[in-house]
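Asks: Here's a structure for you.
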Amino acid sequence: MIIQIGKVKKNKAMANKDNFKNYFYATTPIYYVNDKPHIGHAYSTVIADSISRFKRLSGLKVFFLTGTDEHGLKIEKEANARGMSPKDLADAVHVKFKELFGLLSISYDRFIRTTDEDHIKTVQHVFSMLMEKGDIYLSEYEGWYCTPCETFLTEKSLIGGNCPQCGRPASKVKEESYFLKLSKYEKRLVEYIENHPEFIKPPFRKNEVLSFIKEGLNDLSISRTSFSWGIPVPGNDKHIIYVWFDALLNYLSAIGFEEFQEGEKNDFNLFFKTANHIVGKDILKFHAVYWPIMLFALNLPLPKTIFAHGWWLMDNKKMSKSLGNVIDPVYLINNYGADALRFYLLREVTLGLDGDFNMNNFITRYNSELANDLGNLVSRTTAMIQKYSGGFLPGLEVGIDEDLIKTVIDITANLNDRYDNYDFARILEDTFKFINTVNKYINDSAPWKINISEREDKEKLYKILRSAVISIYYISYLIYPFMPDTSGRINKILNIEAFMFLKFPVTPEDIFDSHGVLFKDGHKINENRDILFPKIVNKD
Ligand code: ME8
């Protein structure tokens with residue numbers, strides 16, 4: 001069955017049902033504000049945006065959260081170096097993230113800042129609850145700390161005095177500290193991970209997490225006394241709360257945990273059970289070990305999935321300021337467009353694996369797949385409709401090519417599973433294969449050779465026009481989560497206001513029904529004056 005919905009209108013009938021299966025909560029990491037955003041930040045956010053858009057399109061009630069992580073020593077140090085207060089630094093840099101997300105058409109529902117009042121209240125409240133419960137206790141921390149990673153390290157893990165994660169020097173710390181009892185929940189966490197295959201994705205990351213836990217968990221230091229930029233520990237403001245304990249709780253504060261605790265009937269529990277935390281592989285440990293233990297301590301359910309994506313390298317080297325090879329997403333967007341960047345990030349590499357950002361590849365993919373294959377399909381189809389039928393789509397009764405319909409059905413049959421497994425590269429691969437199939441269909445059927453004075457030939461021509469238009473409609477649907485602006489531009493050309501809501505698996509009847517509703521006989525197709533992807537001429 002297909003029900004027509006507006007592009008951004010939610011499907012009310014489904015969303016209001018008191019059932020968490022109709023909800024979807026997507027989160028990105030919250031980003032440190034010590035520096036402006038780079039391609040890695042764009043990447044996590046685009047992944048979360050794409051899955052959120054697909055889930056909305058499928059009729060779910062979606063909450064998509066992103067934001068900034070504004071406390072901690074790293075931010076305090078950077079602010080000192082710039083001669084400004086940490087809050088002023090955060091105020092200035094968080095705007096850069098918002099600007100980037102605006103340019104990238106990121107459809108977030110909330111941009112949280114850890115300096116937001118409701119977040120601070122939640123963090124202090126959770127700290128007090130766990131103190132009361134006895135899962136937090138006061139003792140002394142003696143060990144090592146990596147400020148760039150905001151991570152406590154054991155002496156044994158250091159590599160020549162440096163942090164094993166980022167390679168920069170670690171510093172020795174000895175101070176009074178509050179601790180969270182991790183060891184108490186170790187066994188329960190192992191069991192949970194082993195019994196919930198959807199909890200850590202991709203699956204190959206699961207063993208990595210399990211072997212870390214099985215080495216034995218030390219209780220986690222969760223407060224500091226040697227600097228001041230953080231949320232004070234309630235009742236002992238000599239201490240500030242460890243930035244990761246503070247940051248992880250953003251996933252609760254953003255969706256009304258406080259109000260829920262106070263007895264208000266909101267959607268907190270429905271959303272939280274469906275949470276998909278999208279993170280880089282560098283911070284998987286925090287999300288798959290410390291975070292679930294905080295939630296066990298709070299008697300809350302765990303998020304549904306933690307998805308760890310890989311890292312982008314630049315010409316096979318780690319991006320770093322000192323190497324001067326950090327890619328500025330704003331530069332790429334200004335030169336090639338947001339959708340070209342979104343497409344490259346999602347198409348080039350299977351999510352979960354590392355990728356190499358290479359400008360030549362970027363330009364090659366852009367020119368061949370976006371400009372030649374997709375752009376050309378849209379422009380030649382609209383040109384044909386102008387030429388052969390004056391811009392009006394004829395022949396509803398003649399039907400659509402059956403092989404093309406079958407391909408659409410094959411692709412959509414696996415769509416939900418592919419999204420749930422973050423197999424975006426595969427969806428794009430199938431979609432671009434389909435684009436080529438349609439281009440080939442037009443070439444092979446050679447409408448320019450048809451003599452339309454014959455009735456039968458006229459029907460043949462109408463079938464080609466209609467098949468091409470309906471195919472483009474489904475292509476627009478399939479690319480919408482990844483390239484929303486392009487999809488909107490195509491819909492404008494097709495002169496349609498909204499997608500139809502697809503219920504999976506799609507049947508041939510659904511397709512015929514939808515084309516009958518959207519593309520009635522004589523439906524006007526707009527002239528394509530808008531070149532979707534102008535070719536890039538390589539200046540080198
Ligand atoms: O870790 N390739 O913030 P952060 C791919 N505040 N992704 C990359 C990347 C790269 N080269 N570099 C960064 C923090 N990322 C914490 C998170 S969450 C409660 C707190 C992405 O500003 C990737 O998602 O260092 C990584 O996990 C995130 O940026 C780190 O951002």
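The values are calculated or read from the model by the stated rules, or taken from the named source; none is laboratory data. Owing to the predicted nature of the structure, the values given are computational and were not obtained by experimental measurement. In this analysis, Cβ positions are derived from the backbone assuming ideal geometry, glycine residues included, and neighbour counts consider all displayed protein chains.
Asks: What are the residues in region 401-426 that are among the charged types (D, E, K, R) and within 30 Å of GLY280 (Cβ to Cβ), if any?
Replies: Scanning region 401-426 gives ASP417, ARG418, ASP420, ASP423, ARG426.
Asks: Related question: Please enumerate the residues belonging to region 195-220 that are closer than 21 Å to GLY352 by Cβ and of a type in the set (S, T, N, Q).
Replies: ASN207, SER211 - these are the residues of region 195-220 that are closer than 21 Å to GLY352 by Cβ and of a type in the set (S, T, N, Q).
Asks: Hey, does region 143-155 have a residue that's assigned to a loop (DSSP other than H, G, I, E, B), at pLDDT 95 or above and among the β-branched types (Val, Ile, Thr)?
Replies: For region 143-155, residues assigned to a loop (DSSP other than H, G, I, E, B), at pLDDT 95 or above and among the β-branched types (Val, Ile, Thr): absent.
Asks: A further question on this structure: If I go through region 334-391 residue by residue, how many of them are charged (D, E, K, R) and touching a strand residue (DSSP E or B) at 6+ places or on another chain (Cβ under 8 Å)? Before the answer, list the steps.
Replies: Our first condition is that a residue be charged (D, E, K, R); within region 334-391, this holds for 339, 342, 347-348, 354, 356, 365, 369, 373, 380, 387.
Now restrict to residues that are touching a strand residue (DSSP E or B) at 6+ places or on another chain (Cβ under 8 Å): 348, 354, 356.
Number of matching residues: 3.
Asks: All but one of (1) surrounded by fewer than 19 Cβ atoms within 10 Å (Cβ to Cβ); (2) of a type in the set (Phe, Trp, Tyr); (3) without any contact (Cβ under 8 Å) to a residue 60 or more places away in the chain hold for TYR388; state the number of the condition that does not hold.
Replies: Just one mismatch for TYR388, condition (3).
Asks: Taking only pairs six or more apart or across chains, which ones have beta-carbon atoms under 9 Å, a first residue in region 34-63 that is touching a residue at least 40 places away in the same chain (Cβ under 8 Å) and on the phi > 0 side of the Ramachandran plot, and a second residue that is basic (Lys, Arg) and more than 9 Å from the ligand (Cβ to nearest atom)?
Replies: GLY59/LYS10; GLY59/LYS503
Asks: Sort out which residues of region 240-284 are of a type in the set (Lys, Arg) and either outside the structural domain of PRO86 (by TED's automatic domain parsing) or touching a strand residue (DSSP E or B) at 6+ places or on another chain (Cβ under 9 Å) (or both), and write them in order of number.
Replies: LYS273, LYS281
Asks: Scan region 64-89 for residues that are in contact (Cβ under 8 Å) with a residue 24 or more places away in the chain and either within 25 Å of TRP312 (Cβ to Cβ) or polar (S, T, N, Q) (or both) and jot them down.
Replies: Matches in region 64-89: PHE64, LEU65, THR66, GLY67, THR68, ASP69, GLU70, GLY72, LYS74, ILE75, GLU78.
Asks: Looking at PHE499, PHE519, which one is at negative phi and more than 22 Å from the chain's Cα centre (by Cα)?
Replies: PHE519 is the lone residue from the list that is at negative phi and more than 22 Å from the chain's Cα centre (by Cα).
Asks: Same structure again: Which of the residues spanning region 330-368 are touching a residue at least 40 places away in the same chain (Cβ under 8 Å) and over 26 Å from PRO37 (Cβ atoms)?
Replies: ASN367
Asks: Out of all the residues in region 173-188, which are modelled with pLDDT of 95 or more and of a type in the set (Asp, Glu)?
Replies: If the condition is that a residue be modelled with pLDDT of 95 or more and of a type in the set (Asp, Glu), then GLU176, GLU186 are the ones that fit.
Asks: Let me ask something else. Evaluate region 52-59: report whether one residue or more is modelled with pLDDT of 95 or more and either among the β-branched types (Val, Ile, Thr) or closer than 25 Å to THR225 by Cα (or both).
Replies: No, that holds for no residue.
Residues are listed down the side, and each one gets a yes or a no for (1) without any contact (Cβ under 8 Å) to a residue 40 or more places away in the chain; (2) assigned to a helix (DSSP H, G or I):
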residue: GLU429; (1), (2): no, yes
residue: ASN451; (1), (2): yes, no
residue: ASP485; (1), (2): no, yes
residue: LYS492; (1), (2): yes, yes
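Asks: Mind listing whichever residues of region 325-346 are surrounded by fewer than 20 Cβ atoms within 10 Å (Cβ to Cβ) and assigned to a helix (DSSP H, G or I)?
Replies: VAL330, TYR331, ILE333, ASN334, ASN335, TYR336
Asks: Right, something else. Anything in region 396-419 that is closer than 30 Å to GLY352 by Cα and either in contact with a Ser or Thr (Cβ under 8 Å, 6 or more places away or on another chain) or assigned by TED's automatic domain parsing to the domain that holds PHE24 (or both)? List them, or say none.
Replies: THR407, VAL408, ILE409, ILE411, ASN416 - these are the residues of region 396-419 that are closer than 30 Å to GLY352 by Cα and either in contact with a Ser or Thr (Cβ under 8 Å, 6 or more places away or on another chain) or assigned by TED's automatic domain parsing to the domain that holds PHE24 (or both).
Asks: State whether the residues of region 152-160 include one that is under 15 Å from SER223 (Cα atoms), in the same structural domain as VAL243 (by TED's automatic domain parsing) and in contact (Cβ under 8 Å) with a residue 24 or more places away in the chain.
Replies: Yes, region 152-160 contains at least one residue that is under 15 Å from SER223 (Cα atoms), in the same structural domain as VAL243 (by TED's automatic domain parsing) and in contact (Cβ under 8 Å) with a residue 24 or more places away in the chain.
Asks: OK, next. State yes or no: is GLY67 more than 10 Å from the ligand (Cβ to nearest atom) and out of contact with any Asp or Glu (no Cβ under 7 Å at 6 or more places or on another chain)?
Replies: So GLY67 fails the test.
Asks: Condition check: out of contact with any Cys (no Cβ under 6 Å at 6 or more places or on another chain) and either part of a loop (DSSP other than H, G, I, E, B) or at pLDDT below 95 (or both). Does ILE442 satisfy that?
Replies: no
Asks: I need the full set of residues from region 240-265 which are charged (D, E, K, R) and within 27 Å of SER226 (Cα to Cα), in order please.
Replies: ASP246
Asks: VAL506 passes all but one of (1) assigned to a helix (DSSP H, G or I); (2) surrounded by 14 or more Cβ atoms within 10 Å (Cβ to Cβ); (3) within 27 Å of the chain's Cα centre (by Cα); which number fails?
Replies: Status for VAL506: all satisfied but (1).
Asks: Somewhere in region 12-24, is a residue at pLDDT 95 or above, within 16 Å of the ligand (Cβ to nearest atom) and within 23 Å of ARG342 (Cβ to Cβ)?
Replies: no
Asks: For the structure I just gave you, tell me whether GLY355 is within 12 Å of the ligand (Cβ to nearest atom), at pLDDT 95 or above and more than 13 Å from ILE47 (Cα to Cα). Before the answer, list the steps.
Replies: Details: within 12 Å of the ligand (Cβ to nearest atom): yes; at pLDDT 95 or above: yes; more than 13 Å from ILE47 (Cα to Cα): yes.
Considered against the rule, which asks whether it is within 12 Å of the ligand (Cβ to nearest atom), at pLDDT 95 or above and more than 13 Å from ILE47 (Cα to Cα), GLY355 comes out as yes.
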